[in-house]
Number of protein chains: 2
Amino acid sequence: MSKKISLKDIAEAVGVSTALVSYVLNDKDEQTRVNKDTAKRIREMAKEMNYQPNQIAKSLKSGKSQAIGLLVADISNPFFGNLARAIEDEAKKHGYSVLFGSSDENLENSQRLIDTFINRQIDGFIIAPAEGTASQLEYLKKANIPFVLIDRYFKDLETSYVVIDNFNATYQATQLLLNQGHTKVAYVCYKNQLQHTEDRYSGYLQALLDHGNAEDSNLICEVEFNNAAYFREQFIELLQPDRGVDAILFSTNTLSIMGLKIINELNITVPDDLAVFCFDESEAYDLFYCPISYVKQPLSMIGKEAVKILLEQLRGKASSEQKVMLDVEIVARKSCQK
Amino acid sequence: MSKKISLKDIAEAVGVSTALVSYVLNDKDEQTRVNKDTAKRIREMAKEMNYQPNQIAKSLKSGKSQAIGLLVADISNPFFGNLARAIEDEAKKHGYSVLFGSSDENLENSQRLIDTFINRQIDGFIIAPAEGTASQLEYLKKANIPFVLIDRYFKDLETSYVVIDNFNATYQATQLLLNQGHTKVAYVCYKNQLQHTEDRYSGYLQALLDHGNAEDSNLICEVEFNNAAYFREQFIELLQPDRGVDAILFSTNTLSIMGLKIINELNITVPDDLAVFCFDESEAYDLFYCPISYVKQPLSMIGKEAVKILLEQLRGKASSEQKVMLDVEIVARKSCQK
DNA sequence: CTTTAAAGCTTAAACGTTTAAACAAAAAGG
DNA sequence: CCTTTTTGTTTAAACGTTTAAGCTTTAAAG
């Protein structure tokens, strides 16, 4: 019981052609008028021999691999892990498998993964695109390979995407902090050209302006990705008493966690010394001595929608790009109080 | 620039047979004495036409898909997310892609994923096996499909695996708590038949005994997987003052997190009212008001080793099963002090 | 009876590769 | 000059499917 069983093996065992076996096992025996008895014998033999169809051969014939490629920044980041899980579940429901790859926000990694996945004939992509990958997406478009962006998108690129309303997310969070009476609300973010980064900043800024506050570069802590030392330096600087910051809004989960650690180190008390509003979910938010307020993204919804849209495109209902913008949930807890 | 380019297209463009193109693009032009000039023309044309080999066709021919299947309980659990990342990186280095699937510790899900992956002709598995899946693994053995277990293993099943020294992990943690002067060290674990569950319990128990304490069922909180309500009930029961518990050892990361939440809810102070020792890593351990002690697993090492072993098996050096048991790191911090 | 239709099955090509074997032409050896 | 070797290339089969088209045999219709 070691060798793989093929259609041919079944055909020989039953004494028919492979065509007939194929018809029956694909439930096309009605349309192709296979004798009921023959069909039964084929089905029985397939079961007896424990036949497992070779998806590779099917794929080669059909040109469809029934697989989708998931490209994220880092699968070990729970944010992407949760997205991956939602995508896996939805894909599985429709008979699709998921290949994943982590780009680490790096251009070449992203390109290599795209190439690998194309070679593997994946039917489509779900991508959380890294900065500067617009040209890679252009290429996919030209090559007619369907894809859906998640988490991030490009304003000047016509693609399908499922993102959150980033502007509104930070707008609401900032507004909440301001309404609580905080006067110097700082903002911590990554320095990059991605649209969602800009949208989040705009939301923060607009809330400030609408509240009668002026834009203040002293309140902004903008750091590079993957540079913990630089973050530490900048963030500690932001917390110096002379800056007078009394509230902080973090714009991603990684920044939130890194920030909270330093706040603890410096023995700053939340929310008495400093109010805090974080982004995304983390077990840590519940376990912090002061329950952390956060912007909650509808991760399962994002994953589910992305798969749905991708499948529609695969099925040729590629009517046009679909752009979905989902609302976030503002979870306000003790950490943002005055 | 929409249609896929095949060997045939290049062959026609250059005016040679597909065989020659195949030889050249696989760098076999030396051995097969292809004319240098022809080879150059083929290479140039391939580049010009942006040829991307069809891995599906290659796989069908070779019987090797250059893909491995990763089966975990839940990819959104950071523990598995981190393992997945380590596995992805190591696999990528050797030209392998990774398909993943979450079983949710469920038998049928596990079987379905295995079947799907076999259909897809993955070359081998890396599996964190769910309870009761021994027979599924037996099947893989019989079918000669290479696999390596991670995190868990079965004592009476000859397989390759990469796990931690679970006995030692809980032994050391328990001993540390006892040496600090805690007298009633409770143990929180899942109720299942998995070997690592038993090993961890044995480690805890042996430490108690070696310290002159007796086994005490009042100190054990054993709960079912995926039943938060039951856990809450049992765990609160364990914390009742009359039980006199002064320290707790959690045996997994999910139990740790759930437990800490309830400890917070009940306003129990760590470590004054109760010492705590957790398992695995979590951002929350650093951000808890009292830094949490924990048993740190060498996740990248586990992932890396698992891939290495699997690849050795794939390359036919299937000398015999390889069993790797790695040491954990005991990170003792304030939470375990008296 | 003959013709037509229906039922039940097989043949063969195709998907994009790989690779052993065959072949032709040119070069070398005698 | 003929034979052998070398060089450079093509042919064709194979991997495991799918599926249009063709082929028998039997049944129905006239």
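Structural remarks
- In this assembly of identical copies, the label point of B:GLU233 (Cα plus 7 Å along Cα-to-Cβ) is separated from its counterparts by 5.6 nm, sorted shortest first.
- Computed from Cα atoms, the angle from the helix B:166-179 axis to the main principal axis of chain B rounds to 30 degrees.
- For the residue pairs A:LYS36/A:LYS92; A:LYS3/B:LYS323; A:LYS61/A:LYS308; B:LYS3/B:LYS28; B:LYS93/B:LYS141, the alpha carbons lie more than 30 Å apart in A:LYS36/A:LYS92.
- Rounded to whole numbers, the Karplus 3J(HN,Hα) couplings from phi for the range A:45-51 are 5, 4, 5, 4, 8, 6, 5 Hz, using 6.51 cos²θ - 1.76 cosθ + 1.60 with θ = phi - 60°, and x at Gly and Pro.
- Computed in the context of the full set of protein chains, the accessible area of the range A:151-208 at 1.4 Å probe radius has 42% of its extent on carbon or sulfur.
- Shown for the range A:129-144: residues covered by the partner protein chains by 10 Å² or more of accessible area relative to the chain by itself (probe radius 1.4 Å), namely A:TYR139, A:LYS142, A:ALA143, A:ASN144.
- Residues in the range B:275-324 that, when all protein chains are in place, have 50 Å² or more less accessible area than the chain alone would give (probe 1.4 Å): B:GLU283, B:LEU287
- For the range A:58-84, accessible area lost to neighbouring protein chains reaches 30 Å² or more, against the chain alone with a 1.4 Å probe, at A:LEU60, A:ILE75, A:SER76, A:PRO78.
- Whole-angstrom gap from the range A:267-305 to the range B:135-204, using each part's C-alpha centre: 33
- Counting only DSSP H runs of at least 4 residues, each contributing -39500 (n - 2.57), and dividing by the residue count of chain A, the helix-based mean residue ellipticity at 222 nm comes to -13500 deg cm²/dmol.
- Accessible surface computed residue by residue for chain B, with neighbouring protein chains in place and a 1.4 Å probe, gives 44 Å² per residue.
- Selected from A:ILE248, A:ILE127, A:ILE263 as most flexible by GNM, with chain A as the system and alpha-carbon contacts under 10 Å: A:ILE263
- Rounded tilt (10° steps) of A:195-210 against the dominant C-alpha axis of chain A: 30
- Between copies, the label points at B:LYS296 (set 7 angstrom from Cα along Cα-to-Cβ) are spaced 3.2 nm, reported in nanometres from shortest to longest.
- Length gained when the stretch B:ASP27-B:LEU107 is fully extended (0.36 nm per residue, less Cα-Cα span): 24.3 nm
- Within the shell defined by Cβ-Cβ distances under 13 Å, the residues around A:ARG232 carry a net charge of -3, with Lys and Arg each +1 and Asp and Glu each -1.
- For chain B, the relative contact order is 17 percent, taking Cα pairs closer than 8 Å that sit 6 or more residues apart in sequence and dividing their mean separation by the residue count.
- Against the rule of thumb 2.2 N^0.38 Å, how large the Cα Rg of chain B comes out: 1.29
- Once the gyration tensor of the Cα atoms in the range B:117-172 is diagonalised, the equivalent ellipsoid follows with semi-axes of 24, 11, 9 Å, ordered largest first.
- Length gained when the stretch A:MET49-A:ASP210 is fully extended (0.36 nm per residue, less Cα-Cα span): 50.8 nm
- Contact order normalised by residue count of the range A:1-78, Cα under 8 Å, 6+ apart, percent: 28
- Label geometry 7 Å along the beta-carbon vector: B:ASP210 inter-copy distances in nm: 6.2
- Accessible area buried by the pairing of B and A, both sides summed with a 1.4 Å probe, works out to roughly 5100 Å².
- Rolling a 1.4 angstrom probe over the range B:7-53 with all protein chains present gives an accessible area of which 46% lies on carbon and sulfur atoms.
The values are calculated or read from the model by the stated rules, or taken from the named source; none is laboratory data. Everything numeric in this text was worked out from a predicted model, so none of it was measured. Note that we place each Cβ from the backbone using ideal geometry, even for glycine, and neighbour counts take in every protein chain shown. Protein only, heavy atoms only, side chains kept; ligands, DNA and RNA dropped before computing areas. Shrake-Rupley method; radii C 1.70, N 1.55, O 1.52, S 1.80 Å.
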